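Read the figures in this text as sums done on the coordinates, not as results from a lab. If you're wondering where the values come from, they're calculated on a predicted model, not measured in any experiment. Quick reminder, even Gly has a Cβ in these numbers, built from the backbone with ideal geometry, and neighbours come from all protein chains shown.
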Amino acid sequence: MQVKIATTRKPETSQGNAFPAYSPFRLFDEFYRDWAQRTTQPEGESWKPAVDILERDGNLILCAEVPGVSEKEIDLKLEGNVLTIKGEKKQTPQSDGYNVYQLESFYGQFSRSFTLPETVDAGNISANYRNGVLTITLPQKPEVKSRSIRINA
């Protein structure tokens, strides 16, 4: 299978540009012309924050990246063995007089759910929010944590 990559860049002429070839604003016209289409989310559509799942000292750690969201806007619930993170990132109002050429940030409601193993001690789950990262510590039940066994000779 052969893949062809087509380029849409035109030769350096003033044709097709919003500004004449001698205009200092032409630089911006060329710069923004090559950008991809705006990548905003339609209103009401959800996004999913990235989540890393790690293990340290016998505990499971979930780290969710939610920059721009305050801890008051995050709802953390445990129902049965399903942990759900919900929240909303509100779009900052654009200042008057600016033309928006590209938005790559995601806004709107988000929700992530995780089925926890039976080994998690649900009564001791804790959460911490710092620098846009929600860290949830899921301690294991004491009987599940590994321990050294002494061998008698």
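Scanning residues 5 or more positions from V66 or on other chains, those with amide H under 5 Å from its amide H are V133, L134, with H placed 1.01 Å from N in the peptide plane.
Under 5 Å between amide hydrogens, built in the peptide plane, is the criterion, and for D121 it picks out Q140, K141 among residues at least 5 positions away or on other chains. Spin-label model, E73/N152: points 7 Å from Cα along the beta carbon direction are separated by 6.2 nm.
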